[in-house]
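Visitor: Got a structure for you, written out below as structure tokens; questions coming shortly.
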Amino acid sequence: FFCGPGLPKMAHRWSMALRPALCPGPALRPALRGMRHLTTSTQTSESGSLLTGQPLRIVAGKGAMVYDDAGKEYIEAMAGLWCTALGWGHEELVEAAASQMRNLSYYHCFAGRQVPIAEELADKIISLAPENLKGGKVFFGMSGSDANDTQVRVLWHYNTIRGLPQKKKIIARAGGYHGVTLASGSITALPHVHAQMGLPLDFVRHVSCPSFYRYGRDGESEADFVRRLAAELEEAILKEGPDQVAAFFAEPLQGAGGVILPPAGYFPAMREVCERYDVLVVGDEVITGFGRTGQMWGCTAFQQKADFLSCAKQLTSGYVPLSAAIIPRFAYEAIEASTERRGGVFGHGYTYTGHPVSCAVALKMLEIFERDQLLEKVTQLAPLFQQRLLGLSAHPLVGNARGIGLIGAVELVKEKETKQPYDASRAVAAKVVQFALERGLIVRALPHDVVSICPPLIVSAADVNEIFDRLEGALSDALAALE
Ligand code: PLP
């Protein structure tokens with residue numbers, strides 16, 4: 001993840017040399033395909049967490065394709081880090097950024113200042129928000145991590161205002177990913193984020209991951225599994241004391257934890273428990289927001305009623321950093337009233353909060369999203385995507401294939417019947433990712449030998465077929481290498 005002295009400088013030189021050749025478009029790509037292929041990247045599974053060997057240096061992108069510094073073309077079937085909804089090199093986004101920079105390259109939202117384009121974007125986001133957040137307010141940051149930190153600060157402040165300063169604990173789930181700052185990284189429950197850090201900090205507790213495939217017990221129905229998890233949540237709240245627990249954090253589907261979809265009825269059951277003990281629900285829509293599941297919000301797809309909602313990534317298609325923490329009206333009004341009463345401020349905000357360039361790009365992204373009917377396109381393409389994904393279940397390596405909309409994953413096992421995984425040292429998912437790279441496909445290895453697929457929303461049916469053809473080939477390459 002680190003860049004700096006001592007690392008090869010070639011990327012820049014290749015980047016300059018290749019960009020003019022790459023960007024004119026598809027006509028030149030066949031020529032580039034013949035160039036030397038750089039396939040030295042050995043990506044380990046994220047449970048091992050670090051990239052070893054040579055990183056893959058991506059120097060250009062157009063549409064759903066990216067190019068490395070040797071000119072090799074890849075279908076980017078992870079939308080970068082689950083974010084590039086409109087694909088690479090979208091001229092309208094580029095122009096939105098450029099013209100905003102010309103007009104007002106920077107201003108801030110501190111000390112009696114406001115950036116009108118940030119207000120415009122906040123209004124737009126609220127108009128798209130789930131029904132129960134329609135009267136809410138938006139706080140802008142730069143990353144999913146800081147959006148979740150903001151949610152924690154708002155929750156703590158809100159509870160203090162209402163006379164419950166001790167109601168600070170957060171309950172989240174094993175396998176959840178919410179960022180890497182000290183607060184969001186504590187709420188995250190992936191071992192490599194906690195290792196060597198003394199995390200999670202003491203205000204966080206974790207309950208079980210909702211993977212029925214992996215954690216459902218022999219003979220247990222999905223409904224029983226949900227009941228067990230709801231009972232576990234209740235037990236956790238009672239153990240801490242309901243007067244201590246502020247919120248339950250959950251992604252509608254767990255992304256980095258392995259694209260884990262909740263079992264039917266899961267969120268309503270968890271919500272019922274939360275309501276019983278005055279525990280608020282924070283929906284982390286950093287991956288699922290803006291159409292990924294075929295619905296505008298993942299919480300709609302999975303009946304998760306969230307009191308607070310975090311989003312980022314696809315909001316700007318990843319072109320510039322921006323996150324939005326949506327705060328419900330009741331919390332905002334309480335904070336505003338207390339500020340007036342006490343003459344103080346809620347001391348929170350960043351230099352780049354409401355950055356005009358990020359807001360301009362987000363507004364353009366949402367305009368294109370609606371104009372080009374991307375939600376409808378995802379809905380139309382999802383059956384093919386999901387059919388091809390489920391088709392991988394027949395592969396000897398695949399224990400479970402799962403997904404929704406244009407996101408999915410395969411979980412790889414040694415023995416399908418018993419779901420026995422391969423020994424971690426075999427790094428099976430990492431092998432699949434490596435063979436996929438050789439076939440010109442970028443997918444991602446996640447914990448528990450899961451391989452995820454999450455392409456830009458602008459992919460075509462032909463792209464989807466190509467992604468799954470190449471992935472199937474990579475699975476077979478990996479199987480052969482294991483034997
Ligand atoms: N929340 C979820 C669900 C995510 O998937 C991520 C990142 O992948 C984050 C939060 C953290 O976002 P960032 O990397 O922008 O801090």
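Please treat every number below as a calculation from the coordinates, not as lab data. Values in this document were obtained by computation on a predicted structure and should not be read as measured data. Every residue, glycine among them, receives a Cβ derived from its backbone with ideal geometry; neighbour counts consider all protein chains shown.
Visitor: Which of (1) more than 15 Å from the ligand (Cβ to nearest atom); (2) crowded, with 21+ Cβ neighbours inside 10 Å; (3) of a type in the set (F, W, Y) is the odd one out, the single condition Y213 does not satisfy?
Guide: (2)
Visitor: Restrict the check to segment 325-345 and report whether at least one residue is crowded, with 22+ Cβ neighbours inside 10 Å, of a type outside the set (K, R), more than 21 Å from G135 (Cβ to Cβ) and within 16 Å of the ligand (Cβ to nearest atom).
Guide: No: zero hits.
Visitor: For segment 88-119, give me the residue count where each residue is small (G, A, S) and either without any contact (Cβ under 8 Å) to a residue 24 or more places away in the chain or touching a strand residue (DSSP E or B) at 6+ places or on another chain (Cβ under 7 Å) (or both). Show your work before the answer.
Guide: In the first step, residues of segment 88-119 are kept if they are small (G, A, S); the result is 89, 96-99, 105, 111-112, 118.
Add one more test, that the residue is either without any contact (Cβ under 8 Å) to a residue 24 or more places away in the chain or touching a strand residue (DSSP E or B) at 6+ places or on another chain (Cβ under 7 Å) (or both), and what stays is 89, 98, 111-112, 118.
Result for segment 88-119: 5.
Visitor: For the list (1) surrounded by fewer than 19 Cβ atoms within 10 Å (Cβ to Cβ); (2) within 16 Å of the ligand (Cβ to nearest atom); (3) not in a loop (DSSP other than H, G, I, E, B), I need the number of the one condition that V180 fails.
Guide: Exception for V180: condition (3).
Visitor: Go through (1) in a strand (DSSP E or B); (2) free of Cβ contacts under 8 Å to residues at least 60 places away in the same chain for G403 and report which single condition fails.
Guide: Exception for G403: condition (2).
Visitor: Still on this structure, please answer the following. If only one of R444, R439, R470 is closer than 28 Å to L315 by Cβ and among the basic types (K, R), which one is it? Write out each step before concluding.
Guide: Numbers: R439 fails: closer than 28 Å to L315 by Cβ; R470 fails: closer than 28 Å to L315 by Cβ.
So the residue among R444, R439, R470 that is closer than 28 Å to L315 by Cβ and among the basic types (K, R) is R444.
Visitor: Right, something else. Of the residues that sit in segment 264-320 and are among the small types (G, A, S) and within 19 Å of E376 (Cα to Cα), which one is surrounded by the most Cβ atoms within 10 Å (Cβ to Cβ)? Steps first, answer last, please.
Guide: Restricting attention to segment 264-320, the residues satisfying the condition of being among the small types (G, A, S) are 264-265, 269, 283, 289, 291, 294, 298, 301, 306, 310, 312, 317-318.
After this cut, where a residue has to be within 19 Å of E376 (Cα to Cα) as well, the list is 289, 291, 294, 298, 301, 317.
Details: G289: 29, G291: 22, G294: 23, G298: 32, A301: 19, S317: 27.
The qualifying residue surrounded by the most Cβ atoms within 10 Å (Cβ to Cβ) is G298.
Visitor: Quick one: which of L384, L366 is among the hydrophobic types (A, V, I, L, M, F, W, C), more than 22 Å from the chain's Cα centre (by Cα) and closer than 30 Å to E91 by Cβ?
Guide: Of L384, L366, the one residue that is among the hydrophobic types (A, V, I, L, M, F, W, C), more than 22 Å from the chain's Cα centre (by Cα) and closer than 30 Å to E91 by Cβ is L384.
Visitor: Would you please name the residue that is farthest from G255 (Cα to Cα), looking only at residues in segment 157-177 that are within 16 Å of the ligand (Cβ to nearest atom) and small (G, A, S)?
Guide: Result: A172.
Visitor: Let me ask you something else. Would you point out which residue out of V245, V286, V259 is touching a Lys or Arg at 6+ places or on another chain (Cβ under 6 Å), in contact (Cβ under 8 Å) with a residue 40 or more places away in the chain and within 16 Å of the ligand (Cβ to nearest atom)? Give the derivation first.
Guide: Numbers: V245 fails: within 16 Å of the ligand (Cβ to nearest atom); V259 fails: touching a Lys or Arg at 6+ places or on another chain (Cβ under 6 Å).
Answer to the selection: V286.
Residues checked against (1) over 14 Å from L363 (Cβ atoms); (2) among the basic types (K, R); (3) in contact with a Leu (Cβ under 8 Å, 6 or more places away or on another chain):
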residue: E95; (1), (2), (3): no, no, no
residue: Q100; (1), (2), (3): no, no, no
residue: R113; (1), (2), (3): yes, yes, no
residue: P116; (1), (2), (3): no, no, no
residue: E119; (1), (2), (3): no, no, no
residue: I126; (1), (2), (3): no, no, yes
residue: A129; (1), (2), (3): yes, no, yes
residue: G135; (1), (2), (3): yes, no, no
residue: F139; (1), (2), (3): yes, no, no
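Visitor: Here are some residues: D477, D449. Which one is crowded, with 23+ Cβ neighbours inside 10 Å and of a type in the set (D, E, K, R)? Working first, answer last.
Guide: Working: D477 fails: crowded, with 23+ Cβ neighbours inside 10 Å.
Answer to the check: D449.
Visitor: Further question on the same structure: So, in segment 190-203, of the ones that are away from the ligand (no atom under 12 Å from the Cβ) and either among the polar types (S, T, N, Q) or crowded, with 20+ Cβ neighbours inside 10 Å (or both), which residue ends up farthest from the chain's Cα centre (by Cα)?
Guide: Here is the first cut: in segment 190-203, the ones away from the ligand (no atom under 12 Å from the Cβ) are 191-192, 194-203.
Filter again for either among the polar types (S, T, N, Q) or crowded, with 20+ Cβ neighbours inside 10 Å (or both), leaving 196, 200.
Values: Q196: 24, P200: 20 Å.
Result: Q196.
Visitor: If you scan segment 70-119, which residues turn out to be in a loop (DSSP other than H, G, I, E, B), under 27 Å from the mean Cα position of the chain (by Cα) and among the charged types (D, E, K, R)?
Guide: Selection gives K72 alone.
Visitor: Across segment 120-156, what is the number of residues that are touching a strand residue (DSSP E or B) at 6+ places or on another chain (Cβ under 9 Å), more than 15 Å from the ligand (Cβ to nearest atom), in a helix (DSSP H, G or I) and not small (G, A, S)?
Guide: The total comes to 8.
Visitor: If you don't mind, there's one more thing I want to ask. Can you find even one residue in segment 112-135 that is among the β-branched types (V, I, T), closer than 25 Å to P242 by Cβ and surrounded by 14 or more Cβ atoms within 10 Å (Cβ to Cβ)?
Guide: no
Visitor: Let me ask you something else. What number of residues within segment 213-236 satisfy the criterion of being of a type outside the set (A, V, I, L, M, F, W, C), in a helix (DSSP H, G or I) and over 21 Å from V279 (Cβ atoms)?
Guide: Adding up the residues that qualify gives 5.
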